[in-house]
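Note sheet for the following structure.
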Amino acid sequence: MSVQAPILRLRGIGKTYATPVLSDIDLALYPGETLALTGENGAGKSTLSKIVAGLIPASQGEMLLGDTPYAPTSRSHAEALGIRMVMQELSLVPTLTVAENLFLGQLPQRGGFIRRHSLFEQAAAHMKAIGLDRIDPHQLVGELGIGHQQMVEIARSLLGPCRLLILDEPTAMLTRHEIDHLFRQMARLKAEGVSIVYISHRLDEVEQIADRVTVLRDGRHVATHPMSSMTQEEIVRLMVGHDVAESEARPPRPAATPMLRLEGLGRGTQVQDVSLSVQPGEIYGIAGLVGSGRTELLRLIFGADRKDRGNIFLNGNPQPARIDSPMSAVRQGIGLIPEDRKSQGLLLDKSITLNTTLARLGRFARRGWLNLTAERQSSGEYVQLLGIRCHSSEQAARELSGGNQQKVVFARWMLRDCDILLLDEPTRGVDIGARADIYTQMRAMADAGKALLVVSSDLRELMEICDRIGVMSAGCLAGSYQRGQWDQQTLLEAAFSGYSTRPQEANQGQS
């Protein structure tokens, strides 16, 4: 690949917890290249990256930074040497401002007091330099959507000297516009000689930006090849060890009484008078830019936020449903897979079993006592069905990879057997093999008469799995399209429409 000496060389790197999760990894990273690191969930990608970034120590092997032995004792130690990592799970402090998060640990001070004017001035200059000046440095991070939080996390990594930048699923919550912006920043860093490790399950992105691709499977190094010599199909074959069948488009469904119907649903300016319906057996997608109101719409339906206008109708009932909390939503047959599984979807320190059965514990209770054997057995069935990689169903959810954590949340609602399932970024951080499994289960739920409302930042995902797609723009439903009526350009134009002019009334409320 390069006549230059490697920035970083890994020799025989291994990591063991209860069992080995990495074994005998050899890699070399060169200046000014992008190395894509791919593999199924649990293949060891994030573990390897955390070793390089100083978050965890290796159990075996050695690393060389240039010609010098490299064994970082902490993240700050690695960053001081120019090794920076943007992790899949965000590490921002939600109660601090964007500016405070950017400069946390190096806040400008005088006489023991933070120089706040200087802090916000520096933050604004940095955000403008990397094209993110539309994010207000005074705003609390917790008030931002996940996509904007991801951009702040990336912006923080671009502060200070950088020799190697590791990006772990950086585009999972970004729109196409934001992804293009990130790729421009990566090209700038490459031109400056920075080496980039890019972890992603989105193989079209890997194909677009990577110079070389490394595939891990079951904690071992399977292959490293120039990207120009590989096809996506070959990469998938190396990742999973076999071919992955393409999913088939669903045939059009006959009209039926809606299982979920929204009429003028709104909350402030976040969600503005949205009307739509989802039929039994239908997968209805919600597209739109980050901040367009997609997530907020699902939260209103689930009772996580209070609506201030409009109504929700369930199962053809002419009377509006009263949903004033997630508990009341669940009791009425609604489930939610949230966009942030770590803080909103899981009890991280509890077992896979408890996280799977949490929404239906009454099924396993008798006279106030849980039948633990039946609970474990039921959980184990879903572990098998969804291919959740774990030592046992009693393993803590925290110890699973991000994609396997997502499967646990999915298993919970499959076990609950909800009539209506709301899914917010359901395949975020999920590898291509597991994604196909989840699509299969989603179709099976729809075929069983369930109604699915799916938010995704990946237009191709929505176009593949959905019967209809509604597009949110600036809090409004800008349009609703049947299969065969949409293409990527049409959906993108609708997504941007609310930020220049108001969506036409004729398009609002299409169902």
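The values are calculated or read from the model by the stated rules, or taken from the named source; none is laboratory data. Predicted model, so just to flag it, every value in this text is computed and none were measured. In this analysis, Cβ positions are derived from the backbone assuming ideal geometry, glycine residues included, and neighbour counts consider all displayed protein chains.
The residues of segment 441-461 that are within 15 Å of the chain's Cα centre (by Cα) and either over 18 Å from residue 200 (Cβ atoms) or aliphatic (A, V, I, L, M) (or both), listed by number, are 454, 455, 459.
Exactly one residue among 386, 415, 421 is touching a residue at least 40 places away in the same chain (Cβ under 8 Å), closer than 12 Å to residue 338 by Cα and in contact with a Phe, Trp or Tyr (Cβ under 8 Å, 6 or more places away or on another chain), and that residue is 421.
Comparison of 172, 123, 155, 99 shows that the only residue that is within 30 Å of residue 70 (Cβ to Cβ), assigned to a helix (DSSP H, G or I) and small (Gly, Ala, Ser) is 155. The number of residues in segment 390-440 that are in a helix (DSSP H, G or I) and either within 19 Å of the chain's Cα centre (by Cα) or β-branched (Val, Ile, Thr) (or both) comes to 24.
Residue-level check: of (1) under 29 Å from residue 493 (Cα atoms); (2) out of contact with any strand residue (DSSP E or B) (no Cβ under 6 Å at 6 or more places or on another chain), residue 154 misses just (2).
Yes/no per residue for (1) part of a strand (DSSP E or B); (2) farther than 28 Å from residue 404 by Cβ:
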| residue | (1), (2) |
| --- | --- |
| 9 | yes, yes |
| 18 | no, no |
| 21 | yes, no |
| 26 | yes, no |
| 31 | no, yes |
| 36 | yes, no |
| 40 | no, no |
| 54 | no, no |
| 91 | no, no |
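Starting from segment 115-141, keep only residues that are free of Cβ contacts under 8 Å to residues at least 40 places away in the same chain and closer than 15 Å to residue 153 by Cα, then list their pairs with residues that are of a type in the set (Phe, Trp, Tyr) and surrounded by 14 or more Cβ atoms within 10 Å (Cβ to Cβ) whose Cβ atoms are within a distance under 6 Å, requiring at least 6 positions of separation or different chains. Listed pairs, sorted by first residue: none to list. Looking across segment 305-345, the residues that are assigned to a helix (DSSP H, G or I), charged (D, E, K, R) and under 30 Å from residue 172 (Cα atoms) come down to 341, 342.
Just name the residue that is nearest to residue 387 (Cα to Cα) out of those in segment 353-374 that are among the aliphatic types (A, V, I, L, M) and touching a strand residue (DSSP E or B) at 6+ places or on another chain (Cβ under 8 Å). Checked segment 353-374; the qualifying residue nearest to residue 387 (Cα to Cα) is 359. Among the residues of segment 274-304, those identified as part of a strand (DSSP E or B) and either in the same structural domain as residue 150 (by TED's automatic domain parsing) or modelled with pLDDT of 95 or more (or both) are 274, 275, 276, 277, 278, 283, 284, 285, 286. Would you check if residue 352 is at pLDDT below 95, buried (at least 22 other Cβ atoms within 10 Å of the Cβ) and under 15 Å from residue 420 (Cβ atoms)? No: the conditions fail for residue 352. Residues that are within 12 Å of residue 196 (Cα to Cα), out of contact with any Lys or Arg (no Cβ under 7 Å at 6 or more places or on another chain) and of a type outside the set (Lys, Arg) within segment 78-93 comprise 85, 86, listed in sequence order. Entry remark, segment 126-152: residues being modelled with pLDDT under 85, outside any helix (DSSP H, G or I) and not charged (D, E, K, R) number 5 in total. The residues of segment 428-440 that are out of contact with any His (no Cβ under 8 Å at 6 or more places or on another chain), closer than 26 Å to residue 146 by Cα and not charged (D, E, K, R), listed by number, are 433, 434, 436, 438, 439. Can you spot a residue in segment 300-319 that is in contact (Cβ under 8 Å) with a residue 12 or more places away in the chain, closer than 30 Å to residue 440 by Cβ and in contact with a Cys (Cβ under 7 Å, 6 or more places away or on another chain)? For segment 300-319, residues in contact (Cβ under 8 Å) with a residue 12 or more places away in the chain, closer than 30 Å to residue 440 by Cβ and in contact with a Cys (Cβ under 7 Å, 6 or more places away or on another chain): absent.
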